[in-house]
Amino acid sequence: MKKHLPLLPALLILSACVSLPDEVLRQHMLAAPVPDQAPYGELDPGSKSVETSRFLVRAYSTETAQTYATFCEDSYTRLMSDLGLYSFAPSAPYNIVVYAGKDEYLAKTKQPEWSGGVAYGNAIHVYENDAARGVIAHEIAHLVFKEFMGGTDFSQLTWLNEGIAVHAEKAALPASADLYAARVKSLVRPSPLSFTALTSMPPGARQTGSAVEKWYAQAGSLATFMIRAGGNFNFYLFLRKLKEGLPVDYAVGEAFAGTWRDMSDVHAAWRASL
Ligand SMILES: [Zn+2]
């Protein structure tokens, strides 16, 4: 994986939850200093912007910017409710840039052909298409997770960071929910990864295809299960304990007292629910 780093523009983060190594690289790169300006091309002159309480959305028409702004606010509000993060607020509005189409997006962000969106600092760049909403919901979850965790090292919590992002994506887009449900049924249910495998083997450069799809589907399924079966407020306590630096087993035991003692309990209950 390290051999890929020099090839990336400074602080590249990446995309939709598609497969590839960028998703994993992101985990290591978010902690690095963030320059003031994103290294991506701006919209052409004449673009419009709409600002809401948590987002500044720019697009080529006010109507498009408003549509995406409304979607962002809805996704954010749903995520806060699901995670029990009622006291959280971003320190500055998240910037959303909506390019007109894939050609402009690829030309201005220099992302690989398969990329559907890119996150940088507190910004998300996408282009108008049916899948953009899923990308935005997924990336908003990453921005919130990163900001909530603050300076805490969450490099060992990739499964949770991605699991929450997949959960948000499923909640925001029925097509995503259907896709992940199908992958849980066909890939995860027959032979779930152990929790150790889930945490120690996030998708990397050598894995592609169904192994990556299975990893993301399981991470999302597990996060959704913990939120629904454990309760939103308890899930918030879980995140807070992790932010305080508690090992995940202790964080589970304290946050979900009376329900689960550790991740082994959680994993067993999740498997039984499949
Ligand atoms: Zn992700």
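The values are calculated or read from the model by the stated rules, or taken from the named source; none is laboratory data. Because the structure is a prediction, the values reported are computed rather than measured. Every residue, glycine as well, gets a Cβ built from its backbone with ideal geometry; the counts of neighbours run over all protein chains shown. When the accessible area is computed, the model is the full protein with side chains, heavy atoms only, and any ligands, DNA or RNA have been set aside. Shrake-Rupley method; radii C 1.70, N 1.55, O 1.52, S 1.80 Å.
Figures for the structure shown
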item	result
Of all accessible heavy-atom area on the stretch 88-148, the percent that carbon and sulfur account for (1.4 Å)	54
Cross-link pairs beyond the 22 Å C-alpha cut-off, checked among 48/170; 48/102; 102/146	48/170; 102/146
Neighbour net charge for residue 252 - beta-carbon separation under 15 angstrom, K R +1, D E -1	-1
Loop GluC sites (Glu not before Pro), the stretch 59-159, which have at most 14 other Cβ atoms in a 10 Å radius of their Cβ (DSSP)	113
Protein-only accessible surface order, largest first, of 68, 60, 86 at 1.4 Å	86, 60, 68
Heavy-atom accessible surface of the stretch 151-243: percent carbon and sulfur, 1.4 Å	54
18 Å Cα-Cα reach of residue 108 towards aspartates and glutamates, excluding residues that sit fewer than 8 places from it in its own chain	22, 36, 42, 44, 128
Inter-centroid distance (Cα atoms) of the stretch 152-178 relative to the stretch 221-274, Å	15
Where trypsin sites (Lys or Arg not before Pro) fall in DSSP loop in the stretch 185-263, at most 12 other Cβ within 10 Å	206
Under 12 Å from residue 241, Cα to Cα: aspartates and glutamates that are on another chain or at least 8 residues apart	249, 254
